[in-house]
Structure formats: structure tokens, C-alpha cells
1. Taking R0 as 30 Å, what's the FRET efficiency between Asp316 and Thr59 from their Cβ-Cβ distance, rounded to 0.05?
2. Explain nothing, just the number: relative contact order of segment 310-371, from Cα pairs under 8 Å at least 6 residues apart, as a whole percent.
3. Let me know the volume per residue of the alpha-carbon convex hull for segment 279-438, in Å³.
4. Spin-label point model (7 Å from Cα, Cβ direction): what's the Arg186 to Tyr277 distance in nm?
5. What does the convex hull of the Cα atoms of segment 142-290 come to per residue, in Å³, rounded to a whole number?
6. Under a no-solvent Debye model with one identical scatterer per Cα of segment 418-492, what's log10 I(q)/I(0) at q = 0.12, 0.22, 0.24 Å⁻¹?
7. Positive end of the charge dipole of the chain (Lys, Arg +1 and Asp, Glu -1 on Cβ, about the Cα centre): tell me which of Phe187, Ala152, Met480 has its Cα farthest that way.
8. What FRET efficiency comes out for the pair Asn80/Ser388, r = Cβ-Cβ distance, R0 = 45 Å, nearest 0.05?
Amino acid sequence: MPDTVDLGARPLTIEDVSRVARQATAVRLTGPARARIALGRQRLEELIARGERIYGVNTGVGGNVNISLAPEQMETLQHNLVRHLACATGQPLPNDVVRAAALLRLATFLGGASAVRLELVDALAAMLNAGITPVVPRYGSVGASGDLMPSAYLARVLVGMGEAEFEGRRMPAVEALQAAGLQPIRFASKEALALENGTTFMTAVATLLWTDAFRVLKALLAGIALAIEAMQAPDLPFHPWVHERKGHPGQIAVAAYLLAMLEGSRYTRASGGQSCYSLRCPPQGLGQVWEALTDARPTIEREINSANDNPLIDPDTGTLYKAGNFYGGHMARLLDTWKLDFAAMATWGNAILALLVDDRFNNGLPANLTPTPGVNSGFKGMQLSVTSLCCAVRQMASPSSIHSVPTEQYNQDVVSLGMHAAVTAMDALECLRNETAMVLLASAQAVDLRGGPEKLGGGSRKAYAFVREVAAYQDTDRPMETEVATLSARLGGADLPGEV
């Protein structure tokens with residue numbers, strides 16, 4: 001795999017963003033992209049020279065649009081745009097999200113429509129390649145003119161303001177730049193505005209969550225497959241004929257995934273009585289999640305490669321467009337729908353664990369999955385934790401985008417709240433990943449109590465081994481929080497349990 005992502009050679013993909021954000025893959029601007037950026041800047045300077053009135057260049061911004069600026073105030077405005085937005089709150093966003101956001105801003109600039117200088121683009125690329133990660137608090141964006149506040153925290157590091165993380169240490173931005181052999185720049189006209197406007201951070205979160213959500217979904221299906229085998233349920237409900245009659249691609253994909261996991265099992269029954277819905281209907285209940293994630297790729301990748309600034313300049317004609325591509329409606333809606341999907345997954349995981357630990361329903365396994373119930377409580381505590389997480393995910397499933405509140409002198413009178421949707425989706429998936437780790441632990445325990453992994457299907461056996469690399473069979477009660485955390489962290493990695 002190439003160790004550099006060439007910007008401008010082709011549209012960026014989700015995988016490109018993940019490589020840069022999480023594997024520190026370097027970026028490099030292609031010649032055509034550089035030429036396009038330079039042409040866009042030339043067009044802006046031509047408009048300024050003609051005395052055109054340009055929003056955010058020689059006027060105030062937002063509700064201050066009717067205030068004209070003198071030429072000597074234009075650069076000051078750009079630096080004040082990052083200063084006045086330095087009032088975000090909350091824990092810093094993860095480094096991979098901030099790195100993804102920096103890449104997405106570069107992607108926005110490639111077409112030249114933002115009219116920034118090559119010097120700015122080169123400085124942003126150099127910061128990213130050097131491994132300098134701005135410290136960006138999570139709360140402050142309403143997602144209307146885009147993610148103004150978090151983007152300001154990203155932008156200001158380029159001029160030596162704020163804080164950044166470099167080589168594992170948090171430090172003043174100017175020190176991070178100097179340690180990496182870089183120098184602060186000065187913003188020219190429009191450049192801070194171009195960095196701040198846009199759907200940068202909400203799209204960064206959505207891009208990384210797309211990969212993570214698919215991993216968690218497959219891990220949950222692995223846990224379900226283990227539970228099906230541990231409870232000796234039939235595999236007939238997953239046969240292709242059933243799902244072809246329904247026709248939904250996601251349902252067909254989930255059924256095929258489960259059937260491949262169970263292939264060769266000596267625990268499942270080919271026919272017989274009907275199992276409960278959580279064991280019989282995962283394709284129908286979780287297939288829409290698979291389908292929604294699959295269908296989301298083009299939406300995300302369109303946003304990654306979009307011009308989402310304001311104003312925009314057509315480099316070919318020099319026409320200035322004052323519009324609203326910074327509005328985060330597409331990402332907000334997408335992230336809100338994912339939160340519903342995460343809640344459905346959390347409900348399914350809770351139902352599976354409830355079956356496994358209850359000796360009234362688990363087909364002869366001991367209560368709470370402990371060989372000596374009474375003195376030992378086994379997975380009783382873990383069920384409580386799973387139920388707590390399930391409820392948390394459900395609570396976070398409330399849509400963010402419907403809660404628009406007017407702000408900023410009624411200029412932003414409707415807002416997308418895309419970053420609110422992003423933060424809650426990110427937190428919900430973290431809860432769901434922890435819950436899924438517990439479902440896998442309990443399912444592996446149930447397999448051992450049923451007779452061990454030798455009779456498992458091929459995919460299920462891989463999933464079982466994945467769990468047992470982290471956690472041993474629980475013969476007596478022990479603290480398991482470290483095992484839960486370790487397994488959950490592994491679910492965020494590249495190697496998935498039972499990948500088939």
C-alpha cells in the first residue's frame with residue numbers, strides 16, 4: 001500500500017481518510033491541485049483589486065456582514081476569527097478525529113473554490129505530516145456555518161495560537177511547531193474563514209465511525225453466532241432461500257455472514273422448534289444496519305470531497321458565490337440515523353445476554369454462566385453492565401438535528417447540529433463496543449459450558465479464539481473490567497473476530 005496519499009489525483013475515499021488519521025500516512029499535493037488552488041487565489045485577489053465587496057474579506061461576518069472593513073483591517077479580521085471562537089468546552093476530541101478533520105480541510109481546498117493561498121495549504125499539510133495534532137474541545141459547534149468553533153481550534157495552531165499534541169506531549173502550539181521544525185504563518189484575507197467554514201469535524205467523525213460501526217456490527221454478529229451454538233439453536237432461519245424471498249440486501253448479507261460463521265457446526269440443529277427472535281431474526285433485525293452503513297459510503301465520500309466553504313469562487317470564471325454549502329444537514333441526518341441503528345444493536349446484545357444467563361431460557365446452561373452458582377455470581381454483574389450500556393445508547397439515540405435553535409444575531413436562524421449528532425454518535429458507539437465485548441465474553445463462556453470450541457462452526461471458532469486470546473474461562477468470580485476494556489479496544493482494530 002502506498003505510504004503517501006496524493007491529494008488531487010482522485011477523490012478521497014473513506015479508507016484514505018482512515019489511513020491518514022490513524023496510520024499517519026503522509027499527504028502530498030499534486031501539480032494540478034496546486035495549479036487549481038493558485039488560480040482560485042488569483043481570482044480572489046482580482047476581485048479585491050477591483051474593489052468588490054466580499055463577505056468575510058472586507059466585511060464583517062455573520063450578523064456583521066453590513067460592516068465594511070478598511071484594507072488594513074482585513075488581515076486582523078482573519079486572526080480575530082480564531083480568537084473570538086476560542087471558547088469551546090469539554091474533553092478534547094480524539095486525535096484521529098482531529099487528523100481526519102485536517103485532511104478534510106485540505107480536500108476542500110483542492111478545487112480552488114476557497115481561494116486560499118498555496119502557502120496556507122502547504123502549512124496545513126506540513127502540520128499534518130509532522131504529526132502535530134491541535135487540541136480541540138468537543139462542544140461549541142452548531143453545524144450551521146459548519147463546525148466553526150472546533151475548526152477554529154484546528155486553524156489557530158497554524159499561526160502559533162492554542163495548544164497541540166506532539167510526540168505524545170501536550171504543549172503550546174508555537175512550541176509544537178518549533179519542535180517539528182515548522183514556523184507559524186500569518187493568515188491572509190479570507191483564510192481563517194475558509195478554514196472555519198464547513199462540515200469538517202462532523203464529516204471526520206462520520207468517516208471514522210463508518211469503519212468502526214461496521215467492525216462492531218460484525219463483532220456483535222460473531223457474539224450472536226456463538227450464542228446460537230451455545231444454545232443449540234437451529235441454523236435453518238439463515239438459509240438463503242428465506243432471505244431472498246424478502247429481498248433486502250442488508251438482510252441477505254447478515255444471513256450469509258451468520259451462515260458462514262456457523263458452517264460446519266455440530267452444535268446447531270438443521271431443523272426443529274423455533275428459537276426466540278434474538279436467535280432467529282438477526283438478519284431481519286440487524287440487516288437494515290448493514291444496509292444503512294453500506295448505503296452511507298457515497299454520502300460520506302461526496303461530503304469529503306465537497307466544496308463546503310462560503311463564499312466560493314469559481315476559478316474558471318472568477319464568479320463569487322455567497323451560498324450555504326457549509327450547512328451540515330446531510331451529515332447530521334446520517335449520524336442521527338446511525339444512532340437509531342446503534343440502539344437497535346444495543347437492544348439485540350442485551351437480549352442475547354439475557355438469554356444466556358437465565359437458566360429458564362438457555363437450554364440447560366447453569367444460571368449466570370458459572371459452573372458453581374450461589375457462591376459465585378458469574379456473569380450476573382456483566383448483565384447489569386450490558387443493560388446499563390443498552391439504556392445509555394438508547395438515550396443517546398435521540399435525534400440532534402431536530403433541535404435547531406436560532407443563534408448569531410439570527411443570521412444562523414436554522415442550524416444543523418451536525419456536530420452534536422457526531423459527538424453523541426461517537427459516544428453511543430463507544431458504549432455499544434463495550435457492550436459487544438461483554439456479549440462476546442459471555443458467549444465464549446457459554447460455549448465452554450456447553451462442551452468447548454471443538455464443535456463450533458469455522459467462523460465461530462475464530463471468534464471464540466479471538467476472545468480467548470484476551471480472557472480465560474471464568475471458573476470462579478473475578479474482576480473482569482480489564483478483560484472487557486482490552487477486548488473492546490481490540491474490536492476497534494483491524495482484525496475482526498470470525499471474519500469470513
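1. Taking R0 as 30 Å, the efficiency between Asp316 and Thr59 is 0.75.
2. Working: 36 pairs, mean separation 9.6, N = 62.
Once divided by the residue count of segment 310-371, the mean separation gives 16 percent.
3. Details: hull volume 20.0 nm³, N = 160.
So the per-residue Cα hull volume is 125 Å³.
4. Using points 7 Å along Cα→Cβ, the separation is 6.6 nm.
5. Numbers: hull volume 26.6 nm³, N = 149.
In segment 142-290, the Cα hull volume divided by residue count equals 179 Å³.
6. -0.39, -0.96, -1.08
7. Met480
8. 0.50
The values are calculated or read from the model by the stated rules, or taken from the named source; none is laboratory data. All values reported here derive from a predicted model rather than from experimental measurement. Reconstructed Cβ throughout: ideal geometry from the backbone, glycine too, with neighbour counts over all protein chains shown. Note: areas computed on protein heavy atoms with side chains; ligands, DNA, RNA excluded. Shrake-Rupley method; radii C 1.70, N 1.55, O 1.52, S 1.80 Å.
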